[in-house]
Structures are given as C-alpha cells and as structure tokens.
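Below: one structure, written as structure tokens.
Each value in this text was obtained by applying a stated rule to the coordinates, not by laboratory testing. This one's a predicted model, so the numbers in the text were calculated from it and none came from an experiment. Neighbour counts are summed over all protein chains in view; Cβ atoms, including those assigned to glycine, are modelled from backbone coordinates with ideal geometry.
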Amino acid sequence: MMARIFLAYDHRGVETARCIVKWCEEHGHKVDDMGPVTCDCVDYPDYAFPAVEKALKFRGQCAGVLICGWGNGMVIAANKVKGARAALCTSSVQAKYARSHNNANVLVLSTEATGWGMVEAILDEFLNTKFEGGRHARRINKIMKYENEKE
C-alpha cells in the first residue's frame, strides 16, 4: 500500500532520514522531506509542527514520521498538534499496536535506541497495519472528545 510521508527531524536525525527517504522510494511511498538539510543544531518543534500539520491536513494514506535523538522531544511536540496521535516506537510490535489499537497517525523514531534494521521493520509495520476499530475506536473517540472540550 502506497503512502505519502511527511518526514521531519532534528540535527540528530539527518542520517536516518536520508535512509528513510531511500527506503520509502524503494517501497513506492512518496516522501515530503521537510528538513533540515544539515547536521547543524536545530530546535525539533520547528520541524515537528509543520510536518504533523501537513500529515493531518492530507489524511488518508498519509503519515507523519519524525526523528530525533531519543524521540521524546518529537513525540511531545507532535502531540501538541490538534488531532495528532503520535507514537514513539522502538520496535515493530510497538508500531503494530500504535496503528491497530491507537490509530496513530504520526510515527516517532529514536536514532539512539533504534538501529537501521529495526527502523525498516517499524516503518513497514506502521505503514501497513490498519486500525482495528471496535473497542479501540471508542477509546480514541474519548481522547478526541476530551481534546475538543479543552479548546
């Protein structure tokens, strides 16, 4: 299944991002690389917010993929965007359940905790797993309702 990926990262994710772009192209996915382009120190929220907003705007077969050193900063920033359900995944099992149970629409990766082989497996699982719905939809609806009430 082809997906459109909005990819963003900080200076710690540049090398992993280059590998992800190549992997996505080899697997038929379209990548919007939202930078940065160098390894100069940057602030991850400056890259997380626009990528997540774009991924949510286009919906459908779109996903945000964010990368930073440990992943915590990106996942916190991503989940500040209304409608985002970002999940920090360091294994393919986490990616499977982030999608199937939590209907995650943003994948966050850690360059420090995840080697390239696992990144490939995580991407594959995240992009190919469907949301199960059912009792999980009820839970996601509660989260969305809470989010909307807090505006």
Exercise. V65's amide H: which non-local residues (gap 5+, or another chain) put their own amide H closer than 5 Å, with H modeled 1.01 Å from N in plane and none for Pro or chain starts?
Worked result: F6, L7, A8, L107
Problem set entry | In order through region 64-71: 3J(HN,Hα) via Karplus (6.51 cos²θ - 1.76 cosθ + 1.60), integer Hz, x for Gly, Pro | x, 10, 10, 9, 8, x, 10, x
Exercise. Which of the peptides 50-60, 118-128 is most tightly packed, and how do the rest follow, judged by the mean count of other Cβ atoms within 10 Å per residue?
Worked result: 118-128, 50-60
For this session: Starting from the amide H of V31, placed 1.01 Å from N in the peptide plane, find each other amide H under 5 Å away whose residue is 5 or more places distant or on another chain.
Result: I5
Seminar exercise, completed: Karplus-derived 3J(HN,Hα) from phi for region 72-82 (6.51 cos²θ - 1.76 cosθ + 1.60, θ = phi - 60°), whole Hz, x at Gly and Pro, runs 5, x, 5, 5, 5, 4, 4, 6, 7, 7, 4
Exercise. Share of antiparallel DSSP beta bridges in the chain, in percent to the nearest 5?
Worked result: 0
Problem set entry | In order through region 127-132: 3J(HN,Hα) via Karplus (6.51 cos²θ - 1.76 cosθ + 1.60), integer Hz, x for Gly, Pro | 7, 10, 8, 9, 5, 6
Exercise. Of the listed peptides 132-138, 33-39, what is their order by residue-averaged count of other C-beta atoms within 10 Å, with the highest listed first?
Worked result: 33-39, 132-138
Problem set entry | FRET efficiency, 1/(1 + (r/R0)^6) with R0 22 Å, evaluated for W70 and C41 via beta carbons | 0.90
For this session: Of the listed pairs K22/K96; K54/K142; K22/K80; K96/K142; K22/K130; K30/K57, which have alpha-carbon separations greater than 19 Å here?
Result: K22/K96; K54/K142; K22/K80; K96/K142; K22/K130
Exercise. So what does log10 I(q)/I(0) come out to for region 4-149 at q = 0.10, 0.17, 0.18, 0.21 Å⁻¹, using the Debye formula with one equal point on every Cα and no solvent?
Worked result: -0.29, -0.87, -0.98, -1.34
